[in-house]
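First up is the structure itself, then whatever we jot down about it.
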Amino acid sequence: MEIRVLFFGLLKDVCGRAEDLFQAPAGIDAGFVFDHYATAYPKLAEMAHSIVIARNQEFTTRGAQLADGDEIALLPPVSGGSADGPVHEIEDPAGHYFALTRKPIDPRALEARILQDLDGAIVTFHGVVRNNTRGRATLRLDYECYEGMAIRKMAEIGRAIAGEFAISRIAMVHRLGTMEIGEASVMVIATAPHRRPAFDAALEGINRLKRLVPVWKKEYFADGEVWVEGEWDSNAPRAGNA
């Protein structure tokens, strides 16, 4: 059977490709696919306990049985083309909004999109590109993601937060592509009748997004470049786990 295998972030460099078609025997599991590539690229084996596997855009375990035509993505730790509008967007029936875009994020438009007359508070978090990392001057950043899975995960996180905090609506937007110093790479906005839940929801939103949404960044310096290695949520299944 044929399995489409995708590589993201640092793993593209390790394997020298963004994707591959794996001709596999019937009855294999996700761990078989990972082990195949870990044998060919020993660096994957070294990173096994920090790599997460996704099957058809959902987190999965090594033991998940595969079928012909499945898509397997090997995802390194999250680090937290062009188009006229969002690359992907979800407009929730409850008024929540989630999007991936390659255009600059407009905070005023997002705030106006979700604010209602019943709201007495709106909290907007901007994640912006800074000019250094541990004292090393940063020139710019590039962001990429597993787009189909990322937008679904953002919506899942946002809806969960809306059910846990006394907010009216939430919006999450992540930018992709190249960003210069001072530009916003991500934005989380929460509206609520009162300020405390809006603050709490916005903070929890960016924290979960950074741990669970498959987005990676490459940082460029005057003397080189590097994929930034972050950390998955502790509950995300690892490729090295049996």
| said: If a residue must be part of a loop (DSSP other than H, G, I, E, B) and hydroxyl-bearing (Ser, Thr, Tyr), how many such residues does region 214-242 contain? | reply: 1
| Would you say residue 227 is surrounded by 18 or more Cβ atoms within 10 Å (Cβ to Cβ), among the hydrophobic types (A, V, I, L, M, F, W, C), closer than 19 Å to residue 148 by Cβ and modelled with pLDDT under 95? | no
| field | Among residues of region 187-216, those that are buried (at least 22 other Cβ atoms within 10 Å of the Cβ) and under 28 Å from residue 167 (Cβ atoms), counted | value | 14
| message | Could you check region 25-49 and list, in sequence order, the residues that are buried (at least 18 other Cβ atoms within 10 Å of the Cβ) and farther than 20 Å from residue 240 by Cα? | response | none
| Unmet criterion (only one of (1) among the charged types (D, E, K, R); (2) crowded, with 16+ Cβ neighbours inside 10 Å; (3) under 18 Å from residue 176 (Cα atoms)) for residue 119 | (3)
| task | Could you tell me which of the residues 211, 159 is part of a helix (DSSP H, G or I), more than 21 Å from residue 110 (Cβ to Cβ) and among the charged types (D, E, K, R)? | result | 211
| Does region 1-59 hold any residues that are polar (S, T, N, Q) and in a helix (DSSP H, G or I), and which are they? | 39, 50
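The values are calculated or read from the model by the stated rules, or taken from the named source; none is laboratory data. On a predicted model such as this, the values are computed, not experimentally measured, just so you know. Note that we place each Cβ from the backbone using ideal geometry, even for glycine, and neighbour counts take in every protein chain shown.
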